[in-house]
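Visitor: Dropping the structure in here first, questions after.
The values are calculated or read from the model by the stated rules, or taken from the named source; none is laboratory data. Everything numeric in this text was worked out from a predicted model, so none of it was measured. Quick reminder, even Gly has a Cβ in these numbers, built from the backbone with ideal geometry, and neighbours come from all protein chains shown. The accessibility values were calculated without ligands, DNA or RNA, using every heavy atom of the protein model including side chains. Shrake-Rupley method; radii C 1.70, N 1.55, O 1.52, S 1.80 Å.
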Amino acid sequence: MSSPDTEADATPLRGRAREAQSNDGAILRAAREVFSEWGWGAPMSEVAARANTGVASIYRRYPSKTELVNAIRVIALEKICELAEDCAATAGTNDNPASAVEHFLRRHISEANGPLMPLLGRRVGSTDEIDALSDRLEVALAAVIAIDRRLGLAPDHYGPGDLMLTVTHLRPALTLDRERANEIHLRELDYVLAGIRAFAASGAEPSGRASDWDEWLRMNNADERA
């Protein structure tokens, strides 16, 4: 039997509720595009123009730039969590004995909405919701890497912080169409995967100190939360 929440979620939205949801989606999509291009200095007028709405409508939904930016960050974190969890569940099995790290990175490059946004968290800090999603992501990425360690495709010193840095380096904004940009990113991924596997096979370690998850969070947030 469906729960009340499930039934409520399945009920189609009507009238103003449907329009409000559609407008909110348009605002968030436009904001992601504009902030990706402009960074923190993105003008709300440009977001409004791309969302085909008014600046006042944006501020009614998101009273400050901080709230709008954090809404985008939440959506991005939710999507990458879901991707990592799916890859951890489907790769490295008898039906799919391939690398989970490769599966995750190839899908992330191919399925992401666009180039990674600038580290806007440095401007606005974290929230309880973002902290919870960050914890969820660390667990999911650790599960992805554990599969490759078991297959001998990733060294013990390669962790979730390294994997997120790999994502960052593999997806710079390029002034190319999406198909060509993805082709370049996937080519570079082949080189990266060869390097990770070479370290796994040799037992050697790269130069420098590894970046752990706490450091990754510090790089992406203006404040540190307990």
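Visitor: Hey, if we sort K65, K79 by accessible area with the 1.4 Å probe, largest down, what's the order? Show your work: numbers first, answer last.
Guide: Details: K65 50, K79 105 Å².
Highest to lowest solvent-accessible surface, that is K79, K65.
Visitor: Next up: Once the piece of chain linking D190 and A173 is laid out straight, how much longer is it, given 0.36 nm per residue of separation minus the C-alpha distance between them?
Guide: On the way: separation 17, 0.36 × 17 = 6.12 nm, distance 1.88 nm.
Here the answer is 4.2 nm.
Visitor: Compute the length gained on full extension between A204 and E37: take 0.36 nm times their separation in residues and subtract their Cα-Cα distance, giving the result in nm to one decimal.
Guide: Values: separation 167, 0.36 × 167 = 60.12 nm, distance 3.89 nm.
Once the chain is fully extended between A204 and E37, it gains 56.2 nm.
Visitor: Okay, which of the stretch 129-173 sit inside 18 Å, backbone N to the point 7 Å along the Cα-Cβ direction of S110?
Guide: Residues 167, 170-171 fall inside that zone.
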